[in-house]
Amino acid sequence: MDSFESQIAGLGLRYGCRLDKLPPAFRDRFVQLGRDASLRAYLERAQRERHGRFVTGVHRVLRGYLSDFDINGLLNIYPMHVLGTEQWRYLLEQAPLDRAEGARLLDVGAGNGDVTRALAPLFESVATTEMSSAMAFRLRRRGFRCFRQDVSTLGVPESPYDAIACLNVLDRCDRPLTLLGNLRAGLTDRGLLLLALVLPYRPFVYDGGSSQEPSEHLPLTGSDWETAVGQLCERVIEPLGLDVEVITRAPYLSGGDAKRALYELDDVVLVCRARGRALLL
């Protein structure tokens with residue numbers, strides 16, 4: 001067994017779904033991806049950067065004062081992966097941007113920039129937002145312009161954008177419905193909203209070293225991936241004045257530590273296009 005196969009042993013790496021469990025209107029919008037070169041490159045990087053007992057111990061001590069997210073940014077640990085550049089390119093070929101040149105992307109809650117870096121080659125200009133000062137530092141070190149701004153409160157900075165990414169943020173923010181409304185308002189006519197969300201939906205919000213329930217909840221009650229995807233599309237996305245053009249499934253991976261080689265969650269990734277006037281939820 002080679003290094004790649006040994007690393008993925010024990011992972012779910014779910015890319016497919018049961019189409020019959022999706023609402024009929026959305027079945028033909030599902031695009032199945034799979035393992036690719038970006039996954040192999042990520043696994044090699046995660047193996048190199050996996051930290052040991054000492055850093056894991058430092059992380060444990062800091063949890064009494066800071067959120068996991070701030071600690072990860074401070075220590076520059078747990079590299080992330082959702083999709084590679086060519087996979088994003090393929091999805092955007094199914095739902096093309098209205099203009100091929102000069103397209104602007106905003107990545108909201110961009111973390112340390114691992115996922116932003118995969119999207120960046122597909123756009124003329126890229127900006128980010130991030131509330132964590134440690135993560136904002138990492139983004140700027142990587143050359144990304146970063147707004148330290150709560151988009152759910154202050155709206156989208158320097159809008160409109162041809163595309164806005166909000167990847168694995170909705171289940172870790174206090175007001176996801178308000179955030180989505182502001183993202184919708186920050187798009188150009190027929191602009192694209194790129195969403196990723198771990199399903200089933202289990203939200204919480206960091207409050208320093210502890211966590212709490214968010215002020216708003218997405219109306220997602222499905223206990224399986226397909227049911228939750230249908231609810232997300234029908235109850236949340238389309239009422240905002242967005243058409244779901246592409247649905248795919250991808251593993252959301254985090255680098256390992258002294259306890260585990262890798263951590264894996266189950267993402268839905270949506271490409272949604274703005275239309276008409278947004279309705280209030």
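The values are calculated or read from the model by the stated rules, or taken from the named source; none is laboratory data. Source: prediction; values computed, not measured. In this analysis, Cβ positions are derived from the backbone assuming ideal geometry, glycine residues included, and neighbour counts consider all displayed protein chains.
Some observations on this one:
- Number of the exception - Gly256 against (1) on the phi > 0 side of the Ramachandran plot; (2) crowded, with 19+ Cβ neighbours inside 10 Å: (1)
- Screening Leu105, Leu97 for residues that are crowded, with 22+ Cβ neighbours inside 10 Å, under 19 Å from Val246 (Cβ atoms) and of a type in the set (A, V, I, L, M, F, W, C) leaves exactly one candidate, Leu105.
- Filtered residues of the stretch 27-69 (kept if in contact with a strand residue (DSSP E or B) (Cβ under 6 Å, 6 or more places away or on another chain), at pLDDT 95 or above and assigned to a helix (DSSP H, G or I)): Arg29
- Of the residues Glu264, Glu245, the single one that is of a type in the set (D, E, K, R), closer than 30 Å to Arg53 by Cβ, part of a strand (DSSP E or B) and modelled with pLDDT of 90 or more is Glu264.
- Test result for Leu74, aliphatic (A, V, I, L, M) and surrounded by fewer than 19 Cβ atoms within 10 Å (Cβ to Cβ): yes
- Enumeration of residues in the stretch 100-115 that are in contact with a Phe, Trp or Tyr (Cβ under 6 Å, 6 or more places away or on another chain) and under 26 Å from Leu74 (Cα atoms): Leu105, Leu106, Gly113
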